[in-house]
Amino acid sequence: MLEQLEKRRYTCRDIARELETYIVGNQLAEGVALSSTVDIARRYDVSEKTVHRAIGHLVDKGMVYRVRGNGTYVRNALSTSNSLRIGIFDFTCATMEIPALDRLAFDNEMQEFYHALESGGHSVELFFDSSPANVRALLRVNLEAFDVIVVKAGYLDNLDARRKLLETKTKIILYGDDAFNYGPWHQVFYDYRNGFKNALLYLCDRKFKEIFVAGCMGLITWERRFGALAGIADEIGFGAEHLHLMPGPVNFDLPVLFGRECGKYFLRHFKCNTAIVSLSDYLTVGIMDALKDHGLQLGRDVILVSYDNLLRQLPSFTSKCHFSSIVHPLPAAYRQMLKLVTEVASDRHNEYFRAYAIAAHDFIYED
């Protein structure tokens, strides 16, 4: 009899019931990660395919949600008694220089966010504008028709959009900016100072005394990143005066080509005992291309640290990523946004505004 119990074969529904009992019995909070499918399969002595089906049952019930490439998370905090009408405003990519990277940054995360809200019983509408300079979608929509609107922080760069957001009575969640933005809204923003600190300490350990920074000064997000990097350089005693930028006009529309120009400028004015810090994946691709033209290899001839680094998740680039990386915390940011939607909706009096800094602290060394 004991032998028979030990050899019990679990079905996907058995596993789904046990996982549901575990989630409910332990009152797991929204955002808590379940064990990996590999671990669950090993525990029940079943295939990973069976576990995927079991988790699919919980997804259908609205108890968990999947984040592609990152695991499965509890969603019970999204189960609210009232269905919300939610409007999401974002920008389309103007350049599409690396379509796979754009899909990774948007489809894999924003679409998961969108579907998680929908499966939580909410009505969700998605609107696109072409750029912060052209925000016709936001300006034409009646924001008062929504219970909550989720807005890319870049909209604040447009005076008309900012004015409309300041005047609306609808609850607003800002997301995706590199700094806190004062105003009557809740927000999720990125704090990459720890990542920059780890990167600079790593370069100091390698005895680098000068760093060339690839960034488009004049574009607010990159200026903020450079400001954070310079502040950390002074804090640890490296000195912001040892950070060098490429002077001259900037082509904002084609960051990969601008990255090539940064790479060529580096080759003309610096030696290989100067490290490179790139403030964007797109610039990194251009730098890689320029160095390759001169027969130089990252990680061997030139040391580079790349921020915003999602390239490692693209199969076509993984084998080429011979550089250290500060990894953008996109999955954590979207999980926090899911939680924030519920918090904002339940706060009837709007007595205070919530702001969450999501740290980009993961630093991958490549020697």
Portion, in percent, of the accessible area of the chain that falls on carbon or sulfur, probe 1.4 Å: 50 percent
Principal semi-axes in Å for the chain [√(5λ), Cα gyration tensor, largest first]: 39, 29, 17
Contour minus Cα-Cα distance for L159 and H115 (0.36 nm per residue): 12.7 nm
Label zone at Y365 (point 7 Å along Cα-to-Cβ), backbone N below 15 Å, region 202-233: 202-208
Nearest-10 value in Å² for the accessible area of H242, using the 1.4 Å probe: 60 Å²
Distance (nanometres) between label positions extended 7 Å along Cα→Cβ at S35 and N134: 5.2 nm
Value of relative contact order over region 201-281, rounded to a whole percent, pairs C-alpha under 8 Å and six or more apart: 48 percent
Amide H contacts of V124 (H built 1.01 Å from N, under 5 Å, at least 5 apart or other chain): I86
Sparse-neighbour loop sites [GluC sites (Glu not before Pro); region 160-248; at most 12 other C-beta within 10 Å; DSSP]: none
Surface accessible to a 1.4 Å probe, per residue, for the residues of the chain, Å²: 49 Å²
Residues with amide H under 5 Å from that of Q187, placed H, sequence gap 5 or more: L174, R354, A355, Y356
Distance (nanometres) between label positions extended 7 Å along Cα→Cβ at K271 and F180: 4.4 nm
Förster radius 25 Å - calculated FRET efficiency between I220 and V141 (Cβ-Cβ, nearest 0.05): 0.55
Region 83-196: antiparallel DSSP beta bridges as a percent of all, rounded to 5: 5 percent
Expected 222 nm ellipticity per residue - DSSP helices of 4 or more, -39500 (n - 2.57), all of the chain, to 500: -12000 deg cm²/dmol
Amide H contacts under 5 Å for K171, placed H, 5+ residues apart: I149
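The values are calculated or read from the model by the stated rules, or taken from the named source; none is laboratory data. Everything numeric here is computed off the predicted structure, so don't read it as measured data. Using ideal geometry, Cβ is built from the backbone for each residue, glycine included, and neighbour counts are taken over all protein chains shown. Protein only, heavy atoms only, side chains kept; ligands, DNA and RNA dropped before computing areas. Shrake-Rupley method; radii C 1.70, N 1.55, O 1.52, S 1.80 Å.
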